[in-house]
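Data first, discussion second: the structure below is written as structure tokens.
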Amino acid sequence: MAPKKTDTNTEELKKAILEQEEQRAYHSERFWKIETQVKDALVRQATDDALRDVSLGALVLGSSDIHYECFADYVVVRFRIDGVLVDIFRLTQAQYKKIIERLKYAAGLKLNITNIPQDGKYSLKIDETKKIDVRVSTLPIHYGENIVCRILDSENTVINFEDLGFFWTSKRMLERTIEKKSGMMLVTGPTGSGKTTTLYTILNRLNSRDKKIITLEDPIEYQLDGIVQSEIDDKNGVTFESGLKACLRQDPDIIMVWEIRDFETLQTATAASLTGHLVLSTLHTKSAADTLDRMINMGLKPYILASALDTIVAQRLVRRICPHCKIEKAKTPTDTAIIEAMMKETGMNMLSSEHMKLYEWEGCGKCNHSGYKWRIWVYEIITLTEKIRDIIRKWGTVEQVIHEARNGDLITMKEDGILKALKGYTTIEEILRVI
Ligand SMILES: [Zn+2]
């Protein structure tokens with residue numbers, strides 16, 4: 001494992017850079033346009049239009065969620081854009097009342113129930129052929145009902161394998177695993193780290209008529225053509241464990257079980273890997289090293305882990321610097337100091353920081369003056385080589401595994417992030433914010 005240093009100097013630099021970044025204004029004339037449209041519609045009593053204007057506005061700005069948050073005198077509408085919450089505009093309680101009634105009606109929620117949480121879904125028609133689902137959940141709070149709407153846009157979910165942004169060595173490691181007939185690959189990271197997109201994109205690449213691919217999800221959010229998708233149903237006894245066993249009786253080549261939460265599922269999944277299936281799944285862990293620890297702590301025998309598992313992909317999403325207003329940055333002594341400190345921490349100090357370029361942004365209409373547009377992934381990938389399998393079989397420590405992996409191709413998440421910042425895909429500030 002990379003040495004965990006609490007270098008106060010690095011921490012101070014990091015704090016200073018992040019504070020500076022936060023002070024940069026983030027506002028756009030588009031927010032004002034959405035606000036005007038919504039409020040005009042409310043004056044006309046056209047609540048359906050108002051709801052549509054908020055939803056379409058969120059979609060146009062590339063948001064994943066719409067938040068309505070109640071305070072004593074007003075309600076704030078916020079969008080999550082590229083992973084970050086942004087205040088868009090405010091409503092009075094009276095204006096919000098009109099929107100919430102329409103929203104609850106559209107989502108099939110009970111209008112008269114305001115004191116318990118509810119959830120539902122509405123569809124947003126974009127044009128004659130396209131509609132987008134929006135999942136709605138309410139939470140009663142002191143000042144009213146807060147609402148969060150998740151925009152389920154399937155077109156953003158499956159992307160081109162090349163666009164996942166793996167560096168060459170990482171991509172080669174991953175391809176070796178998924179091209180095998182049997183084995184196991186785990187994608188790990190917190191909620192919102194883009195695990196769905198990574199897994200769906202890999203499944204889509206593996207999807208061909210000569211293979212049977214079955215998924216077990218909770219719930220199915222997107223339909224993948226040509227893949228058999230099934231869903232957890234606790235009420236009817238379809239758990240991850242029982243569902244996985246049922247899927248295995250369907251003669252699959254590849255199985256994707258959305259999440260491994262308990263030992264029974266882990267045991268069934270590893271058994272599937274050992275009996276000639278390719279198993280893909282996710283675990284809710286922070287890093288590749290963490291994942292090994294978790295699996296052993298769940299009760300899996302090291303010799304089974306060593307044989308069943310092939311690759312762990314730990315990942316985070318960071319915002320991509322806006323390509324329209326990106327400029328090369330004149331490095332300050334602070335920048336050089338932070339690059340050098342990070343390089344040292346990650347063992348990359350053989351590279352000279354002198355010729356490295358950094359980038360910053362000016363802000364433009366295309367990124368709503370945020371400096372960022374879309375997101376990219378940063379990864380840490382461990383592939384179990386024979387040597388690593390041996391270490392695990394002999395009850396070696398996670399540190400020994402990481403040490404051995406570093407002799408090979410392992411790039412830590414921080415290194416991957418720094419390399420992507422130096423290549424101009426994102427900024428050092430963004431890497432510091434997320435990792
Ligand atoms: Zn821009």
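The values are calculated or read from the model by the stated rules, or taken from the named source; none is laboratory data. If you're wondering where the values come from, they're calculated on a predicted model, not measured in any experiment. We place every Cβ from the backbone using ideal geometry, glycine too, and count neighbours over all the protein chains shown.
Odds and ends about this structure:
- Within region 204-239, tally of residues that are without any contact (Cβ under 8 Å) to a residue 24 or more places away in the chain, of a type in the set (Ser, Thr, Tyr) and farther than 14 Å from GLU259 by Cα: 1
- Within region 362-403, the set of residues being within 25 Å of the chain's Cα centre (by Cα) and within 16 Å of the ligand (Cβ to nearest atom) comprises GLY363, LYS366, CYS367, ASN368, HIS369, SER370, GLY371, TYR372, LYS373, TRP374, ARG375, ILE376.
- Residue that is nearest to the ligand (Cβ to nearest atom) [pool: residues in region 301-340 that are without any contact (Cβ under 8 Å) to a residue 24 or more places away in the chain and closer than 27 Å to LYS286 by Cα]: GLU340
- Residue check, ALA41 modelled with pLDDT of 95 or more and more than 24 Å from HIS369 (Cα to Cα): yes
- Scanning region 129-145 for residues that are touching a residue at least 40 places away in the same chain (Cβ under 8 Å), more than 24 Å from LEU317 (Cα to Cα) and crowded, with 17+ Cβ neighbours inside 10 Å yields a total of 2.
- THR191 being closer than 28 Å to LYS423 by Cβ, of a type in the set (Ser, Thr, Tyr) and surrounded by 14 or more Cβ atoms within 10 Å (Cβ to Cβ): no
- When residues of region 402-435 are limited to those that are out of contact with any Ser or Thr (no Cβ under 9 Å at 6 or more places or on another chain) and acidic (Asp, Glu), the one surrounded by the fewest Cβ atoms within 10 Å (Cβ to Cβ): GLU429
- Against the numbered list (1) buried (at least 19 other Cβ atoms within 10 Å of the Cβ); (2) among the aromatic types (Phe, Trp, Tyr); (3) over 29 Å from THR36 (Cβ atoms), PHE161 comes up short only at (1).
- SER242 being part of a helix (DSSP H, G or I), away from the ligand (no atom under 16 Å from the Cβ) and touching a residue at least 24 places away in the same chain (Cβ under 8 Å): no
- Among the residues of region 34-44, those that are touching a residue at least 12 places away in the same chain (Cβ under 8 Å) and of a type outside the set (Gly, Ala, Ser) comprise ILE34, GLU35, GLN37, VAL38, LYS39, LEU42.
- Qualifying residue in region 282-303 (condition: assigned to a strand (DSSP E or B) and more than 29 Å from ARG433 (Cβ to Cβ)): no
- Within region 139-148, one or more residues are of a type outside the set (A, V, I, L, M) and either part of a loop (DSSP other than H, G, I, E, B) or under 25 Å from GLN223 (Cβ atoms) (or both).
- Unique match (being in contact with a Lys or Arg (Cβ under 8 Å, 6 or more places away or on another chain) and either in the same structural domain as ASP416 (by TED's automatic domain parsing) or in a loop (DSSP other than H, G, I, E, B) (or both)) among VAL313, VAL318: VAL318
- In region 75-89, residue surrounded by the fewest Cβ atoms within 10 Å (Cβ to Cβ) [restricted to those that are closer than 15 Å to ILE147 by Cβ and among the charged types (D, E, K, R)]: ARG78
- The lone exception for ALA72 - which of (1) assigned to a loop (DSSP other than H, G, I, E, B); (2) crowded, with 18+ Cβ neighbours inside 10 Å it fails: (2)
- For beta carbons closer than 6 Å, sequence separation of 6+ or different chains, a first residue in region 406-429 that is closer than 19 Å to GLY371 by Cα and a second that is among the aromatic types (Phe, Trp, Tyr), the qualifying pairs are GLY424/TYR359.
- Taken residue by residue, region 117-128 has at least one member that is free of Cβ contacts under 8 Å to residues at least 12 places away in the same chain and over 21 Å from ALA41 (Cα atoms).
- Residues that are surrounded by 17 or more Cβ atoms within 10 Å (Cβ to Cβ) and touching a Leu at 6+ places or on another chain (Cβ under 9 Å), drawn from region 101-112: ARG102, LEU103, LYS104, ALA106, LEU109
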